[in-house]
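Okay, structure first, notes after.
The values are calculated or read from the model by the stated rules, or taken from the named source; none is laboratory data. Bear in mind the structure is a predicted one, so any value in this text is a computation, not a measurement. So basically every Cβ, Gly included, is an ideal-geometry build from the backbone, and we count neighbours across all protein chains shown. Side chains are part of the model used for accessible areas, which takes the heavy atoms of the whole protein and leaves out ligands, DNA and RNA. Shrake-Rupley method; radii C 1.70, N 1.55, O 1.52, S 1.80 Å.
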Amino acid sequence: MRKIVVAVGSGIKGGNTDQLADSFIKGAQEKGHEIHKFFLGGTDLHGCLGCGACQKNGNHCVVKDVMQEIYPCLKECDTIVMASPLYFWTLSSQTKAFFDRLYALSEENIYPAKDTVLLMTAEDDTKTTFDRPDSYYRFITEALGWKNAGTYYAGGCHTENGKKQVPEKHLNGVCLLGKSI
C-alpha cells in the first residue's frame, strides 16, 4: 500500500481539475492506497521566499501557511500527485508555488525518493496543448531525482450550462492510472 498526497492546484472546487483528481483518487483507493488530498485554491499558499531557512533548521519552512499542514504528509508519502489546470500554457500559480515549496524537503539539495504524477486539464485539445508544462514537469522530476509514475493530460474540458465538464474518457483513463500506481 502506498501513501499518496494529491495536491489540487485549481481555484475551483468541483471544477475540471478537481474532478480529474477525484477520479484518479477513486482508482488509487480501489487498489488500497492511502490518500491525502489538499485543495490549494483559495488557501493562504505563498511562494518560496528563497531565504534558505529550511536548509538550516531541520527542513522547517518559516512561511506559515497551508504547507505546514501538507509537509508532514509529504515527508511520509511515497507518491506526490500534482493536479493543475492549464493556465497561460503552463501550470497554475498554485501548482508552481507548491513545486517551489518542495525545497523544504531537501537536505543539502538532495530530495527524499518519491514517485510523482502530473494530472492536467485544459479546454484546448491540440497535439501541443500540454507540451510546455510536460517539459517543465519532466525537468523538475529529473532534477529532484524523483520517478515519473505517470502523467494524464485531459484536453477538451469545458463548461456546459454553467457546470464544468470533463469528458468521460478522461475520467475513466485517469482512474485507470490511479489503479496502476
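Which residue out of F88, F39, F99 is touching a strand residue (DSSP E or B) at 6+ places or on another chain (Cβ under 6 Å) and either among the hydrophobic types (A, V, I, L, M, F, W, C) or under 23 Å from S180 (Cβ atoms) (or both)?
Numbers: F88 fails: touching a strand residue (DSSP E or B) at 6+ places or on another chain (Cβ under 6 Å); F99 fails: touching a strand residue (DSSP E or B) at 6+ places or on another chain (Cβ under 6 Å).
After applying the criteria, what remains is F39.
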**OP:** Taking only region 159-176 into account, find how many residues are touching a strand residue (DSSP E or B) at 6+ places or on another chain (Cβ under 6 Å) and either over 21 Å from E123 (Cα atoms) or surrounded by fewer than 18 Cβ atoms within 10 Å (Cβ to Cβ) (or both).
**Re:** 1
Subject >> region 113-135 - residue that is loosely packed, with under 15 Cβ neighbours inside 10 Å and not charged (D, E, K, R) and, of those, nearest to H33 (Cα to Cα) >> reply: A113
Subject >> Pairs where the first residue, in region 58-69, is under 11 Å from R101 (Cβ atoms) and the second is outside any loop (DSSP other than H, G, I, E, B) and not small (G, A, S), C-beta under 6 Å, 6+ apart >> reply: C61/C54; M67/R101
Subject >> Selected residue (only one of T79, T17 is crowded, with 18+ Cβ neighbours inside 10 Å, under 20 Å from V166 (Cβ atoms) and within 11 Å of the chain's Cα centre (by Cα)) >> reply: T17
Subject >> V66 vs. criteria among the β-branched types (V, I, T), open to solvent by less than 20 Å² (accessible area, probe 1.4 Å) and touching a strand residue (DSSP E or B) at 6+ places or on another chain (Cβ under 6 Å) >> reply: no
**OP:** Please work out which one of (1) more than 17 Å from T95 (Cα to Cα); (2) out of contact with any helix residue (DSSP H, G or I) (no Cβ under 8 Å at 6 or more places or on another chain) is the condition T141 fails and give its number.
**Re:** (1)
